Amino acid sequence: MPPATRSAIFYAALIACCTPWVTAPLGLFLGLIIGFTVGSALAEQQKWLTTKLLQASVVGLGFGLSASNAVAAIQQGFVYTIASIVGTLVVGRLIGKLAGLDDVTSHLLASGTAICGGSAIAAVGPAIGASSDRMSVSLATVFVLNSVALFLFPPIGHWLGFSQTQFGLWSALAIHDTSSVVGAAGVYGTGALAIATTIKLARALWIVPLALVSSWMFGRGQSTVAFPWFIALFVVAVAVSGYIPFASSVAIVARQGLTVTLFLVGSGINREQLRAVGVRPLLAGTATWIVVATVTAAVLWLM
């Protein structure tokens, strides 16, 4: 297929994802099809565009939340967040050892599962001196599982009879990246979306202490880690949302921006990337994720 035709197909799909007729799961599915067939026409800018668009969309979603509800969600999910982060790190390292992975790869996979997927791996990797191949394998594993979660979690949530609150907590605690957390919760309902977004961003703040502790654990002695400033902007958006008349419209645009983000995430996954992952990291990452998701769901189901 000529490069011009490949690019035309990619951009046509991208434009379609900007319309309200394409939902978040459909955007990801469309991106996966593009990634495995024609490939991305924005390969060189993919990572930068995905990161910036996700951050902008998350900040925009803040305009659709009330400050009182956000504070209540953080208070409700604080204990779950601490317990799940510590538990995931321990389980992830143990499963990594059983799978025969090296300590660095095990720690990267556990960190990505514990907090915020690719963002956590990107922050922890340099702090522990991880090589580019170990980071690539960990990122690819997390992205694959992250894509699966977006499709699986909503139907499982309905099967378990989860309320909006329960599903919002479950998706924030058990799905890797913010993009799929917000995507899955948005499919489930507006109540779940508000809780999931707030809890996930509060959880993401733990990237900084995790990177610092990881640096000390691996003897790197690194003392500086980039702070995720877009979370501070999200807090500002929530705080002023009640005073801006067009706040709800911004939130609607942000949700569509998330669909485009998921399309870009999907189109960045291809056959070569999956082959590079290998069996053991994928098995270890999957096993850790299943344990975390199952235990978290069981605890919330008994609430």
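Annotations
- Rule-of-thumb Rg ratio for the chain [Cα; 2.2 N^0.38 Å; N residues]: 0.96
- Computed from backbone phi with θ = phi - 60° and the Karplus coefficients 6.51, -1.76 and 1.60, the 3J(HN,Hα) list for the stretch 138-155 is 5, 5, 5, 4, 5, 5, 5, 5, 4, 5, 4, 4, 4, 7, 7, 5, x, x Hz; x is used for glycine and proline.
- Semi-axes of the equivalent ellipsoid for the stretch 261-303, Cα gyration tensor, largest first, Å: 28, 17, 4
- Phi angles across the stretch 197-214 convert, under the Karplus curve 6.51 cos²θ - 1.76 cosθ + 1.60 with θ = phi - 60°, into 3J(HN,Hα) values of 5, 5, 5, 5, 6, 5, 5, 5, 4, 6, 4, 4, x, 5, 5, 5, 5, 4 Hz, Gly and Pro given as x.
- Rg over Rh for the stretch 146-188 works out to 0.90, both radii taken from alpha-carbon positions and Rh defined as the Kirkwood radius.
- Where labels lie 7 Å past Cα in the beta-carbon direction, separation of Ser131 and Arg271 in nm: 2.7
- With the cut-off at under 16 Å, measuring from each backbone N in the stretch 5-19 to a point 7 Å along the Cα-to-Cβ line of Val253 picks out 18-19.
- Within the listed set Leu139, Leu201, Leu26, the residue fluctuating most in the Gaussian network model of the chain (springs between alpha-carbon atoms under 10 angstrom) is Leu26.
- Using the Karplus relation 6.51 cos²θ - 1.76 cosθ + 1.60 with θ = phi - 60°, the per-residue 3J(HN,Hα) values for the stretch 10-19 come to 4, 5, 5, 5, 4, 5, 4, 5, 7, 8 Hz, with x marking Gly and Pro.
- Between Val148 and Ile33, the distance separating the two model label sites (each 7 Å from Cα on the Cα→Cβ line) works out to 2.2 nm.
- When the Gaussian network model of the chain links Cα atoms closer than 10 Å, the mean-square fluctuations of Val265, Val279, Val124 top out at Val279.
- Remark: spin-label model distance Ile244-Ser66 equals 1.9 nm, labels positioned 7 Å along the Cα→Cβ axis.
- The ellipsoid equivalent to the alpha-carbon distribution of the stretch 151-281 has semi-axes of 27, 23, 16 angstrom, derived from the gyration tensor eigenvalues as √(5λ) and listed largest first.
- What the pair-distance distribution of the stretch 105-153 shows, using all Cα-Cα distances binned every 10 Å from zero, is 30, 54, 14, 2 percent.
- Extended-chain gain in nm, criterion 0.36 nm per residue less alpha-carbon gap, Ala8 and Ala298: 99.8 nm
- Distant alpha-carbon pairs in the stretch 27-159 (separation over 21 angstrom), percent: 56
- Largest GNM mean-square fluctuation across Thr197, Thr23, Thr259, computed for the chain with C-alpha springs under 10 Å, falls on Thr23.
- Nearest-0.05 FRET efficiency for Asp103 and Ala16, computed from C-beta distance (R0 30 Å): 0.10
- Solvent-accessible surface of the stretch 144-260, averaged per residue with a 1.4 angstrom probe and all protein chains in place: 42 square angstrom.
- The stretch 234-262 residues near the modelled Gln75 label - backbone nitrogen below 20 Å, point 7 Å along Cα→Cβ: 235-236, 238-242
The values are calculated or read from the model by the stated rules, or taken from the named source; none is laboratory data. What you are looking at is a predicted structure, and each value in this text was computed from that prediction instead of being measured. Here the Cβ is made from the backbone with ideal geometry for all residues, glycine too, and neighbour counts use every protein chain on show. Keep in mind that these areas ignore ligands, DNA and RNA; they rest on the heavy atoms of the full protein, side chains included. Shrake-Rupley method; radii C 1.70, N 1.55, O 1.52, S 1.80 Å.
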